[in-house]
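To start, the structure under review is shown below, and the notes come after it.
What follows is calculated from the coordinates using simple rules that are stated; it is not laboratory data. Every value quoted in this text rests on a predicted model; they were computed, and no experiment measured them. For neighbour counting, all protein chains shown are included, and Cβ atoms are generated from backbone atoms with ideal geometry for every residue, glycine included.
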Amino acid sequence: MTTEIERRFLVAGLPDEAPSGVRMRQGYVALDGNVSVRVREADGGHVLTVKGGQGLSRTEVEFSTDVAQFDALWALTGDRHIDKCRHVVQVGEHTVEIDVFGGELSGLVIAEVEFVSVDAAHAFVPPLWFGREVTDEPSWNNASLALHGRPDQSR
């Protein structure tokens, strides 16, 4: 079992030093309360992920899939999917993943920072270009965005 410790922030856009990103598409096979089962295709790889919980610390277990398995699972996602381009930058000792969303979520940019411990997460001081923190707002997680769209806009 793996624990993901992550903080999420809305940001206005990419910093100047951001390299080109990797396009991702991910779809949600199943959503049940605070548990999600998703498939993701990125950079030629395919992954099935099960996440449980919400907020700062969550359970995350990933499995590699082949193309045929991914395609079979993708067919089960219906319209519960998102497209985004992920850019990775360093902020001090931390790696920041900046997701620039496309499609119905176009214009949305979210920065995610993962940590090795809850204490490290609490000690992190976000740079000035980060916006509002949405870590503890379930309506801003990717599963909710795929299902309901942006909480600050009607679908």
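Here are the numbers for this structure:
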quantity	calculated
Helical contribution to [θ] at 222 nm, DSSP H n ≥ 4, -39,500 (n - 2.57), averaged over the chain, rounded to 500	-3500 deg cm²/dmol
Residues with amide H under 5 Å from that of residue 56, placed H, sequence gap 5 or more	none
Volume per residue that the Cα convex hull of the chain spans, once the total is divided by residue count, Å³	115
Per-residue ³J(HN,Hα) for segment 88-100, Karplus 6.51 cos²θ - 1.76 cosθ + 1.60, θ = phi - 60°, Hz, x for Gly and Pro	10, 10, 9, 10, x, 8, 9, 8, 10, 9, 10, 9, 9
Placed amide H near residue 131: partners under 5 Å, 5+ positions off or other chain	10, 11, 12
Cα-only radius of gyration and Dmax that characterise segment 92-136, units Å	12.1, 36
Estimated inter-spin distance, residue 104 and residue 116, nm [label 7 Å along Cα→Cβ]	4.0
Segment 110-155: C-alpha gyration tensor shape, a/c 1.5 cut-off, then a/b vs b/c	prolate
Hydrodynamic radius of segment 16-107 per Kirkwood, over alpha carbon pairs, in Å	14.4
